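Enquirer: Shown below is the structure under consideration.
The values are calculated or read from the model by the stated rules, or taken from the named source; none is laboratory data. Please read all numbers here as calculations on a predicted model, not as lab measurements. Cβ sites come from the backbone with ideal geometry, for glycine too, and all protein chains shown count toward neighbours. When the accessible area is computed, the model is the full protein with side chains, heavy atoms only, and any ligands, DNA or RNA have been set aside. Shrake-Rupley method; radii C 1.70, N 1.55, O 1.52, S 1.80 Å.
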Amino acid sequence: MKRILVGIKRVVDYNVRIRVKPDGSGVITDGVKMSINPFDEIALEEALRIKERGGAEEVVVVTIGPADCQPQLRTALAMGADRALHVQADGVIEPLVAAKAILKLVEREQPLLVILGKQAIDDDNSQTGQMLAALWNRPQATFASKVELAEGKARVTREVDAGLETLEVDLPAVVTTDLRLNEPRYVKLPDIMKAKKKPLETLTLSAIGVEQKQRLKLVKFEPPPQRQKGIRVKDAAELVEALRTKGLL
Amino acid sequence: MSSKVLIVAEHDGTKLNPSTAKCVTCARGITGAEITVVVCAADASAIASQAAQLAGVAKVLTVENPANAHLLAAVLAPQIVALAGPFTHVFGPSTTFGKDLMPRIAALLDTAQVSDVMATQSPTRFCRPIYAGNAILTVEFDGAAKIVATVRTASFEAAPNGGSAAIEKASVDAALPTHTRFVAVSAAKSDRPDLQTASRVISGGRALGSADAFKILYSLADKLGAAVGASRAAVDAGFAPNELQVGQTGKIIAPELYMAIGISGAIQHLTGIKDARTIVAINKDSEAPIFEVADFGLVGDLFQIVPELERLIGA
Ligand SMILES: Cc1cc2nc3c(=O)[nH]c(=O)nc-3n(C[C@H](O)[C@H](O)[C@H](O)COP(=O)(O)OP(=O)(O)OC[C@H]3O[C@@H](n4cnc5c(N)ncnc54)[C@H](O)[C@@H]3O)c2cc1C
Ligand SMILES: Nc1ncnc2c1ncn2[C@@H]1O[C@H](COP(=O)(O)O)[C@@H](O)[C@H]1O
């Protein structure tokens, strides 16, 4: 079956104002709104569109994380995913561990495409897709803003510093999404009801044979340095004057 | 054990990208580090001689191969891994080039990557921003594996010239994949300074309303010798091309002067300009969050203010 695997990470919602715990042991997540990583919503939307165009038959979403990730998986099912896989794990999951876990599921599910976000907006690592592609020994097309599939190949436009780069990759491959790839659909109420009946399989890291190694010790979290509050100028002339005084013009 | 750092050079086939000189400065923050730069290219000679001039570089390795004409991560990674043996650290820039490549190298080395290093506290301890820069995390590398990292270029000055490193041809024994092929790159040619290295940047937001209206920013930028940037909203709306986006998911920049024009100041945008020396905000909403970080704030209509600024500066 032509299948697409999509990575879904549960993260603090992008609208939440992040606060570091006073003891420096982490950021405050208690009682904070959690959501699907925005790049992963885009990944899922892309997979669904490919399926709707007839390019795939099944969309499977995957998450590695604690039990409370399930609402995000249910949301993904409500968006239109056919099945969900939940690899349960508590504590820190480094990108290399996430990539190894996804690789195990890739071996089981044999997808033609894996779509992940270009970065998770909590740790801002931007590593998992590239690591998965390396371990799988398959192509990667990161930071995608356009994906076209055709007979065993994908043509992907990537947002790079110089502009837009186009690559052709053989399938199967890993794609990571940039913001302009698409605009994710809204979930409709009846779909939330239907999603409750869709299959959600629970696994564990040890059951799939992945060791949860932590190579980076989190020493401390600190708030970033604050900028000094500036001044208001009343018009363009005063602004030019101020910039000249500072030697900036 | 002393540190030996391998830096993967970024280039466009002829010129070394300034991001490489910033990686050198970051690596020099590790006491006693011996620094090697590796240039993978079809023809590496010009790029290698630029890298050899960077102060602090001990050696430049060149890996020449027609397959390296375009810097494809899947093709480069096995070559870097083949060379990585003697090194304790492998660094690349936190540009789209480095972000694409370095995790692929880390995975092949079965090691972790530290993304966006903003400071080195010891050979194994690094600071990096998380949550769009709303927290700074210090991490300590545990174990004997190699340390792979990307360097947040806005946090480091470029290493100056003045070095004269030896250049050595390296031969690598690695199977290179053919499953990934370069098709094209569309880069808008412009005489303006590069957004990532410009000392002055003028950025426009959704308020500009059209690609045509952006011309008033280009015109002001030309007067100032500035680069032009944009918010995500402006890029999404098609007012400006994607390579101009500044922010968490665009470019992270550190100019002397940053002017945010018709930009509200969402946290994802502010992440990109935290290291700007002086921030100017022009916005008609006096409550806009951009004013909380601006050194100079001016409340008003940009369509009046920008032409006036241009006139005043020209005079
Ligand atoms: C995962 C994620 C990643 C993101 N990454 C980025 C990123 O990298 N970069 C980025 O910029 N954004 C990013 N965003 C988007 C960000 O949240 C904001 O939506 C975006 O920055 C808003 O752009 P803006 O300020 O141009 O538009 P708006 O927020 O709409 O602000 C427009 C401003 O213009 C002012 N204005 C209107 N008319 C005039 C006038 N005539 N004269 C003067 N002022 C006027 C208004 O008062 C307003 O403050 C990201 C969002 C998400 C979810
Ligand atoms: N624990 C996880 N579970 C599922 N997908 C993940 C996980 N961690 C990372 N990913 C995927 O990898 C992408 C990049 O994450 P990162 O490398 O952490 O920035 C995310 O957008 C997800 O698609």
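Enquirer: Kindly list, by first and then second residue, each pair from a residue in segment B:250-267 that is in contact (Cβ under 8 Å) with a residue 40 or more places away in the chain and facing chain A (nearest Cβ under 10 Å) to a residue that is within 16 Å of ligand 2 (Cβ to nearest atom) and open to solvent by less than 10 Å² (accessible area, probe 1.4 Å), limited to pairs with Cβ atoms under 7 Å and residues at least 6 apart or on different chains.
Expert: What qualifies is B:I267/B:A132.
Enquirer: Also, quick follow-up: Please work out which residue is farthest from ligand 2 (Cβ to nearest atom), limiting yourself to segment B:188-219 and to residues that are in a helix (DSSP H, G or I) and crowded, with 23+ Cβ neighbours inside 10 Å.
Expert: First, pick out the residues of segment B:188-219 that are in a helix (DSSP H, G or I): B:206-208, B:215-219.
Pick out the ones that are also crowded, with 23+ Cβ neighbours inside 10 Å and you get B:208, B:217.
Numbers: B:L208: 30, B:L217: 32 Å.
Filtering first and then ranking leaves B:L217.
Enquirer: Follow-up question, since we're still on this one. Select from segment B:232-270 the residues that are closer than 20 Å to B:R200 by Cβ, of a type outside the set (A, V, I, L, M, F, W, C) and surrounded by 20 or more Cβ atoms within 10 Å (Cβ to Cβ) and list them in ascending order.
Expert: Hits for segment B:232-270 are B:E243, B:Q245, B:G247, B:G250, B:K251, B:P255, B:Y258, B:G262, B:G265, B:H269.
Enquirer: Out of B:A112, B:A119, B:A184, report the one residue that is within 16 Å of ligand 2 (Cβ to nearest atom) and not assigned by TED's automatic domain parsing to the domain that holds B:D285. If you could, list the steps in order and put the result at the bottom.
Expert: Details: B:A119 fails: within 16 Å of ligand 2 (Cβ to nearest atom); B:A184 fails: within 16 Å of ligand 2 (Cβ to nearest atom).
Only one candidate qualifies: B:A112.
Enquirer: Also, quick follow-up: Quick check: is even one residue across segment A:21-35 within 15 Å of ligand 2 (Cβ to nearest atom) and either surrounded by 24 or more Cβ atoms within 10 Å (Cβ to Cβ) or assigned to a helix (DSSP H, G or I) (or both)?
Expert: no
Enquirer: Which one of A:L105, A:L149, A:L85, A:L167 is farther than 30 Å from A:K33 by Cα and surrounded by fewer than 24 Cβ atoms within 10 Å (Cβ to Cβ)? Explain how you work it out, then say what you get.
Expert: Values: A:L105 fails: farther than 30 Å from A:K33 by Cα; A:L85 fails: farther than 30 Å from A:K33 by Cα; A:L167 fails: surrounded by fewer than 24 Cβ atoms within 10 Å (Cβ to Cβ).
From the options A:L105, A:L149, A:L85, A:L167, the qualifying one is A:L149.
Enquirer: Is it fair to say B:D222 is closer than 23 Å to B:P93 by Cα, surrounded by fewer than 23 Cβ atoms within 10 Å (Cβ to Cβ), more than 8 Å from every other protein chain (Cβ to nearest Cβ) and acidic (D, E)? Can you show your working first?
Expert: Numbers: closer than 23 Å to B:P93 by Cα: no; surrounded by fewer than 23 Cβ atoms within 10 Å (Cβ to Cβ): yes; more than 8 Å from every other protein chain (Cβ to nearest Cβ): yes; acidic (D, E): yes.
Answer is no for this residue.
Enquirer: Hey, another quick one. Could you list, in sequence order, the residues of segment B:100-119 that are under 14 Å from the mean Cα position of the chain (by Cα) and part of a loop (DSSP other than H, G, I, E, B)?
Expert: Within segment B:100-119, B:M118 is the sole residue that qualifies.
Enquirer: If you don't mind, another one. I need every pair where a residue in segment A:225-249 that is closer than 30 Å to B:N134 by Cβ and at the interface with another protein chain (Cβ under 7 Å from one of its Cβ atoms) has its Cβ under 7 Å from the Cβ of a residue that is among the charged types (D, E, K, R) and open to solvent by 60 Å² or more (accessible area, probe 1.4 Å), sequence separation at least 6 or different chains.
Expert: A:L248/B:E256
Enquirer: Restricting the search to segment B:123-155, which residues are part of a loop (DSSP other than H, G, I, E, B) and either open to solvent by 30 Å² or more (accessible area, probe 1.4 Å) or not assigned by TED's automatic domain parsing to the domain that holds B:K99 (or both)? So that I can check it myself, show each step before the final result.
Expert: Taking segment B:123-155 as the starting set, the residues that turn out to be part of a loop (DSSP other than H, G, I, E, B) are B:123-124, B:134, B:142-146, B:152.
Across segment B:123-155, the qualifying residues are B:P123, B:T124, B:N134, B:D142, B:G143, B:A144, B:A145, B:K146.
Enquirer: Can you confirm whether segment B:289-301 contains a residue that is among the aromatic types (F, W, Y) and within 20 Å of B:T197 (Cβ to Cβ)? Explain how you work it out, then say what you get.
Expert: Looking only at segment B:289-301, we keep the residues that are among the aromatic types (F, W, Y), and these are B:291, B:296.
Filter once more, keeping what is within 20 Å of B:T197 (Cβ to Cβ): none.
Within segment B:289-301, not a single residue is among the aromatic types (F, W, Y) and within 20 Å of B:T197 (Cβ to Cβ).
Enquirer: So is B:A58 touching a helix residue (DSSP H, G or I) at 6+ places or on another chain (Cβ under 8 Å), at pLDDT 95 or above and among the small types (G, A, S) or not?
Expert: Details: touching a helix residue (DSSP H, G or I) at 6+ places or on another chain (Cβ under 8 Å): no; at pLDDT 95 or above: yes; among the small types (G, A, S): yes.
No.
Enquirer: Sticking with this structure for a sec: Would you call A:R185 of a type in the set (D, E, K, R), open to solvent by 20 Å² or more (accessible area, probe 1.4 Å) and within 11 Å of chain B (Cβ to nearest Cβ)? First the steps, then the outcome.
Expert: Numbers: of a type in the set (D, E, K, R): yes; open to solvent by 20 Å² or more (accessible area, probe 1.4 Å): yes; within 11 Å of chain B (Cβ to nearest Cβ): no.
Judged against the criteria, A:R185 is not a match.
Enquirer: Please go through (1) within 9 Å of chain A (Cβ to nearest Cβ); (2) more than 16 Å from ligand 1 (Cβ to nearest atom); (3) on the phi > 0 side of the Ramachandran plot for B:D142 and return the number of the only condition it doesn't satisfy.
Expert: (3)
Enquirer: Continuing with this model, one more query. Please enumerate the residues belonging to segment A:121-137 that are more than 7 Å from chain B (Cβ to nearest Cβ) and open to solvent by 20 Å² or more (accessible area, probe 1.4 Å). Walk me through it before giving the result.
Expert: Narrowing segment A:121-137 to residues more than 7 Å from chain B (Cβ to nearest Cβ): A:128-129, A:132, A:136-137.
If the condition is that a residue be more than 7 Å from chain B (Cβ to nearest Cβ) and open to solvent by 20 Å² or more (accessible area, probe 1.4 Å), then A:T128, A:W136, A:N137 are the ones that fit.
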